[in-house]
Structure formats: structure tokens, C-alpha cells
1. Residues in the range 100-140 that are part of a loop (DSSP other than H, G, I, E, B), in contact with a helix residue (DSSP H, G or I) (Cβ under 9 Å, 6 or more places away or on another chain) and not small (Gly, Ala, Ser): how many?
2. Report every pair of residues separated by at least 6 positions or lying on different chains whose Cβ atoms are under 7 Å apart, first residue within the range 15-26 and free of Cβ contacts under 8 Å to residues at least 40 places away in the same chain, second surrounded by 13 or more Cβ atoms within 10 Å (Cβ to Cβ) and basic (Lys, Arg).
3. Residue check: is Ile276 closer than 18 Å to Tyr118 by Cα, touching a helix residue (DSSP H, G or I) at 6+ places or on another chain (Cβ under 7 Å) and open to solvent by less than 10 Å² (accessible area, probe 1.4 Å)?
4. Among the listed residues Ile294, Ile316, Ile328, identify the single one that is part of a helix (DSSP H, G or I), open to solvent by less than 10 Å² (accessible area, probe 1.4 Å) and in contact (Cβ under 8 Å) with a residue 12 or more places away in the chain.
5. Any idea which of (1) part of a helix (DSSP H, G or I); (2) surrounded by 24 or more Cβ atoms within 10 Å (Cβ to Cβ) is the one Gln270 doesn't satisfy?
6. Please find, within the range 5-30, the residue that is farthest from Leu53 (Cα to Cα) out of those that are open to solvent by 40 Å² or more (accessible area, probe 1.4 Å) and either of a type in the set (A, V, I, L, M) or not in a helix (DSSP H, G or I) (or both).
7. Answer yes or no as to whether Ala245 is open to solvent by less than 60 Å² (accessible area, probe 1.4 Å) and modelled with pLDDT of 90 or more.
Amino acid sequence: MSDTLRLLLALLELGPRLRDLLGDKWPPYGEELLELASRASRGEDPDKLRQALDLLVVRLLAEPPAIELVERVMADMAAPAAARETVTRRGRVTPTVPDIVQPSTDEATGAVTIPVFYGTDRARGDDTPANYFRGERGALSFGVAEVSVPTRGRDLGELTSPSWWRLEFSANPEKHVILKSVGALGRDVFVTSLKDSLAAADVHDALIFVHGYNVTFVDAARRAAQLAVDLKFAGRTLLYSWASAADTKKYTVDESTIDWSRDHFEAFLQLALGEIGAGKVHIIAHSMGNRAVINTLERVTSWQLPAVAANLGQIIFAAPDIDRDRFIQLAAKFKGCAARVTLYASSRDVALLASKFVHGYPRAGEAGDALTIVDGVDTIDASLVDTSLIGLHHSYFGEKRSILNDMFNLIAQQLAPDQRFDLQAAGDALRKYWSYRA
């Protein structure tokens, strides 16, 4: 059965529930669904049928009472078959230590499976990878998520997903970044598993990714793995996923949650530095996720870590959605805590401009007149390369080739800004920063 027909049948099955939700608005949709069913039975051209069905779905998604139901159908359609059919047993986490968890490559497809060692304070959902964690707050927990990342035919930085308009209703490991599985581990087992995996790695460094506002656990794990592949990171990839509501209308909810989450992130970072046997720990934080990181770094010099603890390597603040003046205050406190601290900013970041409108003061991730320049931080104006963004022009840190190339030179090569080809010095002796070559 084609995916188009599967979607049509699913919507027909939901007809009674949609009718109850939409009331007087339902009849035109019901008539259109019946007409599409008739056209499908006559063997109409699949492309024309798909276009008509996609338009119907878009219109249904504009009806607030039907949004959740239709989105659930589309999520089920987009989930890999294995994710729809396979569940992971709930209950108490296993006390046994798993085999050494390492990246692997499918030679036939070229897809790389990255183990993402996560810490999260999200509430648990059901047992499918797509819904394993929700957007509500929960207790701090640990585990491993396996993410498949294609290496052929995918642009650097691209977080590929199935597209309705391409008749891609099921995830394809040759084309799409896929969350394959999520498994919970008790804290001790998590530490042992990560320590063993890191010892087997080519490089004994860890990279922690902290996502921003309006991000699900699924997309956070996918982004962490994509960054690991595109940065050619040879150590182990960690994710701290705070309980973002993943809803554009809940910005203030996320603001409250990221502040609540700081102690949990601090515990996760202390674990990474002191217990897993890493040489260096690097951090990439995006958007609102920077708040948890920078507020934690304020206290890092007071921690009592073991003598064999890892050092903080590269800390990257990507488009930080934090008050600019607050960033400057805190930067004076964490100066010197890492090998290098880098701030990527942009004058074309719509989400940060919206945040400035809400708060009334510039954000640390802005460029232009509000560009943040502070001692101990390498500020990079990324405005010139912010040209093909998605969403609210707020994911350029992971979507642009030159940004990722610069991060590669920063993390893998440990190069200072004046040693990185894409950058040129700007400003003056008092306010020196870096920008991309035109």
C-alpha cells in the first residue's frame, strides 16, 4: 500500500472524531475526503492525488481543534516502521552493564549510527522512541539514544526528515537523520557504559550539546548526532536535554524551565568532568540552552572535582538567548575556566530580535551595534553566512557549512581565530572581534 493511500485511509478513519471536533466546519472537509477516496479508487495519477491530499492536511492543521489529532497521524506516518512496531520495556532500569556502546557504519547505505549518551529532566512518555520523553518536567535521568545519520547525499549541517511533498512518509536511513532507539540506564550503569565507550574511542574527549527553545527530545538527539558526524568528532557525544515544551507559544514556559533545570545540568557536567575518564569536555550550547551553561560556569571554579578530572576544552555559545549585560557579568566570573570560549552572533537572527522585543534589552547572540565583546571570549559575527536558514533564522549554527567548518577547526584542530581561514579580524584595539570573509 502506498504512503499516500495509507494517509488517506487514516484520515477517513478519523472522520468521526474530526467531525465532533470541528462541528459546523467539518462538512467541506468530509466531502473532500470522500472525493479523494473516490479519485483514489479510480486510479488517479498519484502525484495529483498527493498534492490534493497535502493541501487538505495543511488546511486541517490550520483548524485549532484538529491540530493535535492530525499532527499525531502525521507523526505516526513519519516514524520509521521499526519505531511504530517495536517498544522498549518500561519499569525499573536494568542493573546489568551493557556491551561497549560504540558508533557503527552500515557499509551498504553509508549511514552512521551514533550513540548519544543523554541526561534529561524531561518527564517519561510511552515506550516508543518518538514519545519516550515529553515536554513536561521530570526527574534527572540517564540513558543512550541511538541515532542514524546518512553520510551520502546529505548536505553538511542538514537535519533531514521525511517530506510530505516528496511522498516521504517513512524515514529512510539513506536520506534521513533517524532516532532509532532510546534506552534508560541507572546512573551508575550510565557512567560505566560511557566510561567504557570513551576508553574505546579514538579520542578520549566528550562533546556535550545543549539545545535551545522549542525543541523536542527527538530533535535534540538527532541534532547532537548530526553535529558529531559533521564535526567528525572522534570522541563520544553527550546530550543534555532540558524539558523544553517544544511549542512556539510557550516561550515563557521554556524560560522558566531552563532556570529550573540549571542544577540538573550542573550535576550532568560534573559527572562528565569527574567520572567518565574524559581528557577534555567540550560544550556546544544553542539559543536558550546557553542560560543553563553560562549560569553553571559561574560556579565551576568552586567545584571540588577529583584530581583526575577532565578539563573544559572548547565552550561554544551559539546564538545565545540571554541578556547581553547578564552575559558580560557572568563572563567575568568564568574567565579562564576553559581552553577557549567562543560566541557566534548574528544581526539576522529573527528569534533573538523577537526575544529582544519581549525583554527590552539586547541579547548576547545579537550582532550589529549590540555585538557582545568581552575579555576572554572570542566573538564571531556570523551574519554574512546566515543566508539559508530554517525556522526563525535561529539554527544557523548547525545549518551552515562555513559555521560547521569553523567549529571543526576550533574543536578538532584547536585553532585560534587568527589561524582559521574563514575568519578575519574586525573592530579596533578596544573592541576586537572576528567576522567571516565576504
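1. 6
2. Trp26/Arg19
3. Criteria met by Ile276.
4. The conditions single out Ile294.
5. Status for Gln270: all satisfied but (2).
6. Within the range 5-30, the match that is farthest from Leu53 (Cα to Cα) is Leu21.
7. yes
Each row is one residue, and each column tells you yes or no for (1) surrounded by fewer than 21 Cβ atoms within 10 Å (Cβ to Cβ); (2) in contact with a helix residue (DSSP H, G or I) (Cβ under 6 Å, 6 or more places away or on another chain).
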residue	(1), (2)
Pro320	no, yes
Ala332	yes, no
Cys337	yes, yes
Val341	no, no
Ala345	no, no
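The values are calculated or read from the model by the stated rules, or taken from the named source; none is laboratory data. Remember, it's a predicted structure, so these values are computed and weren't measured experimentally. Note: ideal-geometry Cβ built from the backbone for every residue, glycine included; neighbour counts use all protein chains shown. These accessible areas exclude ligands, DNA and RNA; they are computed on the full protein's heavy atoms, side chains included. Shrake-Rupley method; radii C 1.70, N 1.55, O 1.52, S 1.80 Å.
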